[in-house]
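To start, the structure under review is shown below, and the notes come after it.
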Amino acid sequence: MYNWNTDIAKWNKKSQSFIIWRLQQLINYGLNGEKLNLFLVKKYWSKLDLDPHRKKFLRLILWP
């Protein structure tokens, strides 16, 4: 994933806000060959602001 409008060099990569932002970016705008950490997706599920159709699809996959 490449985000051209956000400088992530100054962001603490272990902070909760960065993890949530990164998951949202990966899910909403494409993985680009990366893999999602399903543990993190489930952990922050309630805090993720996702496209409604993608969220519904992921919910079906993660919790059948």
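Given the criteria more than 17 Å from residue 6 (Cα to Cα) and exposed (fewer than 13 other Cβ atoms within 10 Å of the Cβ), does residue 43 qualify? Lay out the reasoning, then the answer.
Numbers: more than 17 Å from residue 6 (Cα to Cα): yes; exposed (fewer than 13 other Cβ atoms within 10 Å of the Cβ): no.
In short, no.
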Can you run down the residue pairs with Cβ atoms below 9 Å, 6 or more apart or on separate chains, where the first is in region 21-35 and over 14 Å from residue 47 (Cα atoms) and modelled with pLDDT of 90 or more and the partner is open to solvent by 40 Å² or more (accessible area, probe 1.4 Å) and not in a loop (DSSP other than H, G, I, E, B)? none
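Collect the residues in region 7-23 that are within 9 Å of the chain's Cα centre (by Cα) and either surrounded by fewer than 12 Cβ atoms within 10 Å (Cβ to Cβ) or of a type in the set (Phe, Trp, Tyr) (or both), keeping them in residue-number order. Please lay out each step first, then the result.
From region 7-23, those within 9 Å of the chain's Cα centre (by Cα) are 19-23; that's our starting set.
Correct list: 21 only.
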Can you tell me how many residues within region 46-58 are open to solvent by 40 Å² or more (accessible area, probe 1.4 Å) and in a loop (DSSP other than H, G, I, E, B)? 2
Just checking, does region 24-38 include any residue being open to solvent by 60 Å² or more (accessible area, probe 1.4 Å) and assigned to a helix (DSSP H, G or I)? yes
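The values are calculated or read from the model by the stated rules, or taken from the named source; none is laboratory data. Everything numeric in this text was worked out from a predicted model, so none of it was measured. Neighbour counts are summed over all protein chains in view; Cβ atoms, including those assigned to glycine, are modelled from backbone coordinates with ideal geometry. Heads up: the accessible areas ignore ligands, DNA and RNA and are worked out on the full protein's heavy atoms, side chains in. Shrake-Rupley method; radii C 1.70, N 1.55, O 1.52, S 1.80 Å.
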